[in-house]
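Heads up, the thing below is written out as structure tokens.
The values are calculated or read from the model by the stated rules, or taken from the named source; none is laboratory data. Treat the numbers as computed from the prediction; the structure is a model and nothing was measured. Positions of Cβ are backbone-derived with ideal geometry, glycine not excepted, and every protein chain shown enters the neighbour counts. All accessible areas refer to the heavy atoms of the entire protein, side chains included, with ligands and DNA or RNA removed. Shrake-Rupley method; radii C 1.70, N 1.55, O 1.52, S 1.80 Å.
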Amino acid sequence: METVILAVVIAVLVLGVLGGLVVGSRRKKPLPPAPPTTPDLTTPPAEPHVGDEAETPRDEPRRTIEEVDLPGGDASSVAVEEPPVPAIEVPEPTAGRLVRLRTRLSRSQNALGKGLLALLAREHLDDETWEEVEDTLLTADVGVQPTQELVERLRERVKVLGTRTPAELRGLLREELLQILEPGFDRAVKTDSNLDTPGIVMVVGVNGTGKTTTTGKLARVLVADGKNVVLGAADTFRAAAADQLQTWGDRVGARTVRGPEGGDPASIAFDAVKEGIAAGVDVVLIDTAGRLHTKTGLMDELGKVKRVVEKHAPLDEVLLVLDATTGQNGLVQARVFAEVVDITGIVLTKLDGTAKGGIVIAVQRELGVPVKLIGLGEGADDLAPFEPEAFVDALIGD
């Protein structure tokens, strides 16, 4: 019994001790913070409006623009670079230019002459040989009618004279070629007006024939002959055509009148002649757009340019630029241009290289106007006045 009482007392003591520990731990926990009191609110500054300072202005010294040191020192002392002035070139004299270029021409042209001489030097000149002579001339773009006339005359003279030596054959062929080239043509480019105005020259042709380049080279020819020139850049349809022409003009000191790309060509041509008259120059050269000869509207525009220019003064020269390598196609172009404007002279470009010299004969016969200038290369002074004697000598060789 005592043991039971003792166990009960121990249990009571243990429970009392545990209860005290629990109560003590609860008393040590921190109390939650007291609810905050109402804070004092400060009104935020108002946002700046348009025209207001972003911050409160401060009193501080300010400098005027005169007092501020600019980089590089005084602005008045800064040197401004002037654009370089292009050097004026002195073109090569035109007198005898074709003779000086004869070697270049003969390298690509004398196949025609040599072929004819070889055929004519055969022991027996039968019908088959004369047919070969005709084929050789036709291949060289001489044209059907001129070829028939030339062969007939050659055949008759060889039969009558009994010519056989190379020197005699060459002399005979030279005489006949000169005759068919119409030596009586006036081949001078007309740049002197009968009125108190500059000579007016209009250059026409299809794109790709070298028309703008030819106009620039012609300016060099005229300057070399002592003329003062104004250029009219009336080709407003081809990109950079006016820049190209102005470059040619700047090289020889010729003024270029131009307008906006796509502008009215007739207006620019009119202004060029007007400026030429005011400046008292000798010649006005007008470069027109490269017309597609199959486009009626464009050809009408070319006729308009001619009519507008003639309000100042009549045209003294209308030069048609043809690519000598186009052969019979060039004759088709020539016919259409002749219907729109009165062609007075022909310029044959690219007569070196693969060109065939017979086109000179064919185009003169087609239009009834002379070849006045020929282009023999890409050089600035490779445009030469056409000289029939020098041309034939280059054609048939020495």
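Run down Ala188, Ala219 and say which single residue is of a type in the set (A, V, I, L, M), part of a loop (DSSP other than H, G, I, E, B) and in contact (Cβ under 8 Å) with a residue 24 or more places away in the chain.
On the way: Ala219 fails: part of a loop (DSSP other than H, G, I, E, B).
Answer to the check: Ala188.
Remark: pairs (first residue in the range 120-134, among the hydroxyl-bearing types (Ser, Thr, Tyr); second residue open to solvent by 70 Å² or more (accessible area, probe 1.4 Å) and part of a helix (DSSP H, G or I); Cβ separation under 8 Å; 6+ apart in sequence or on different chains) are absent. Please determine whether any residue of the range 266-285 is within 30 Å of Asp141 (Cβ to Cβ), assigned to a strand (DSSP E or B), modelled with pLDDT of 85 or more and not hydroxyl-bearing (Ser, Thr, Tyr). Yes: the range 266-285 contains one or more residues that are within 30 Å of Asp141 (Cβ to Cβ), assigned to a strand (DSSP E or B), modelled with pLDDT of 85 or more and not hydroxyl-bearing (Ser, Thr, Tyr). Annotation: of all residues in the range 235-258 being in contact with a helix residue (DSSP H, G or I) (Cβ under 7 Å, 6 or more places away or on another chain) and part of a helix (DSSP H, G or I), the one that is nearest to Glu89 (Cα to Cα) is Val252. For the range 188-196, state whether one or more residues are open to solvent by 50 Å² or more (accessible area, probe 1.4 Å), among the aliphatic types (A, V, I, L, M) and modelled with pLDDT under 90. Yes, the range 188-196 has at least one match.
Within the range 153-170, the residues that satisfy the criterion of being surrounded by 13 or more Cβ atoms within 10 Å (Cβ to Cβ) and in a helix (DSSP H, G or I) are Arg153, Leu154, Arg155, Arg157, Val158, Glu168, Leu169, Arg170.
What are the residues in the range 386-397 that are outside any helix (DSSP H, G or I) and of a type in the set (Gly, Ala, Ser), if any? Selection gives Gly397 alone.
Residues in the range 323-339 that are among the hydrophobic types (A, V, I, L, M, F, W, C) and surrounded by 20 or more Cβ atoms within 10 Å (Cβ to Cβ): Ala324, Ala334, Phe337. Filtering Gly290, Gly232, Gly263, Gly330 for residues that are assigned to a helix (DSSP H, G or I) and not charged (D, E, K, R) leaves a single hit, Gly330.
Here the range 369-385 is the region considered, the condition is being modelled with pLDDT of 90 or more and in a loop (DSSP other than H, G, I, E, B), and the residue that is surrounded by the most Cβ atoms within 10 Å (Cβ to Cβ) is Pro370. Looking at (1) touching a Pro at 6+ places or on another chain (Cβ under 7 Å); (2) open to solvent by 10 Å² or more (accessible area, probe 1.4 Å), can you tell me which one Arg220 breaks? Arg220 satisfies every listed condition except (2). Here Ile343 fulfils each of the conditions (1) open to solvent by 10 Å² or more (accessible area, probe 1.4 Å); (2) modelled with pLDDT of 90 or more; (3) touching a Pro at 6+ places or on another chain (Cβ under 9 Å); (4) not aromatic (Phe, Trp, Tyr) apart from (3).
One residue is enough: does the range 305-322 have a residue meeting the conditions open to solvent by 40 Å² or more (accessible area, probe 1.4 Å), under 30 Å from Thr139 (Cβ atoms) and in a helix (DSSP H, G or I)? The answer is no, given that none of the residues of the range 305-322 is open to solvent by 40 Å² or more (accessible area, probe 1.4 Å), under 30 Å from Thr139 (Cβ atoms) and in a helix (DSSP H, G or I). The number of residues in the range 197-209 being within 17 Å of Lys350 (Cα to Cα) and open to solvent by 30 Å² or more (accessible area, probe 1.4 Å) comes to 2.
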